[in-house]
1. Give me the angle, in degrees from 0 to 90, between the Cα long axis of helix 222-232 and the longest principal axis of the Cα atoms of the chain, rounded to the nearest 10.
2. Please compute the per residue accessible area over the chain with all protein chains in place, 1.4 Å probe, rounded to a whole number of Å².
3. Would you mind putting 55-64, 252-261, 298-307 in packing order, based on average other-beta-carbon counts within 10 Å, highest first?
4. Rounded to the nearest 10 Å², what accessible area does residue 149 have for a 1.4 Å probe in the complete protein model?
5. Kindly express, to the nearest 10 degrees and within the range 0 to 90, the angle between helix 317-327's C-alpha long axis and the longest C-alpha principal axis of the chain.
6. Of all DSSP beta bridges in region 74-151, what percent run antiparallel (nearest 5)?
7. On a 0 to 90° scale, report how tilted helix 73-87 is relative to the longest principal axis of the chain, with both axes built from alpha carbons and the result rounded to the nearest 10.
8. Pop out the carbon and sulfur fraction of the accessible area of region 3-199 as a percent, whole number, probe 1.4 Å.
Amino acid sequence: MEKRWTQDNLTSLQSSILAEEQKHPGATGEFTWILSAISLATKAIGNKVRCARIEDVIGEVGETNVQGEMQHKLDVIANEIILRCLGDRENIGVLASEENETPFLLRSREEGGRYAVLFDPLDGSSNVDSSVGVGTIFSVLRLPDGGSREVAMLSPGKDQVAAGYVLYGSSTVLVLTTGNGVDMFVLDQSIGSFVLVTKGIQIPSGNKTYSINEAYTEKFSKEIQQYLEWVHENDYSSRYIGSMVADVHRVLLKGGVFLYPPTKEKPEGKLRLMYEANPMAMVIEQAGGMAVDGSKRILEIEPSGLHERTSVILGSSDQVGAVLQHCS
Ligand code: P6P
């Protein structure tokens, strides 16, 4: 069997982050502390996802979350795991979750709270019962010295200091950017560590694959409808999983374009800006792609609320450009 890694090429998530940190003279190591908590939390969540049927935590809780969507048992479990793992990191001032209406204000700047971490604990959780890939999405913002933390947390995506996701799929994959490219790690269960498998991912161009829920075609704008007519006439293939982390991960590695445009029912779009669109947009841009809301970069949207939604069109620049040719 081919060696998965050898002594001279085993790079763990922690050692990769520390090596990155060395490039920043002023780095204090506290940033690493946050990412190691995200690593710990997502390993625990991955275990829960894999054992969900055995532990009978599949299905809905019977209540709706702040989004008005049915909450799944695993949403609650994943949320509690992240809050527990991140909550005791003394340099985190704010935690904000898709599952909670208001953010957790843990520590002031004076008490050492220097970062805000925003997350969707288990995006696509309704897919777990059919063993479709689901994921945790995270975004890290540095809190400025002065001002209210709630206001500071609503910074545009271009201010993120780190972003990424963990896909609980055929393998548990962590994709991370700290602003210097995109790296991919896979959880090696035999040693319990995320190990570096690809450094500096670049999204391929030229892949004529589009990813959108075409059931809503009649509810999309006429521009999107025209784009869909165009792809049907130009030898495109369609891939849509209905789990954002899985769909975006495929686009990151293979190219193509993922779209979740506004519909009549959701005129602002379905996906959330702060903890879904922004982190994914940072990853895609850092990999050389584009991420827009139809008219501008997602990362330049000035947020007005923690749970606001946005239209999302992201992928390789050529494929996003093909969409925009029909939307401008
Ligand atoms: P639809 C999952 O519920 C989610 O938030 C994303 O993961 C996914 O991209 C989207 O919704 C799917 O929505 O309307 O196509 O089922």
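The values are calculated or read from the model by the stated rules, or taken from the named source; none is laboratory data. Since we're looking at a predicted model, the values are computed, not measured. Using ideal geometry, Cβ is built from the backbone for each residue, glycine included, and neighbour counts are taken over all protein chains shown. We work out accessible area using only protein heavy atoms, side chains counted, and drop any ligands, DNA or RNA first. Shrake-Rupley method; radii C 1.70, N 1.55, O 1.52, S 1.80 Å.
1. Approximately 80 degrees, to the nearest 10.
2. In whole numbers, the chain has 43 Å² accessible per residue.
3. Ranking, from highest mean packing down: 252-261, 298-307, 55-64.
4. Around 60 Å² of this residue is reachable by solvent.
5. For helix 317-327, the angle is close to 50 degrees.
6. 65
7. Roughly 40 degrees between the two axes.
8. 51
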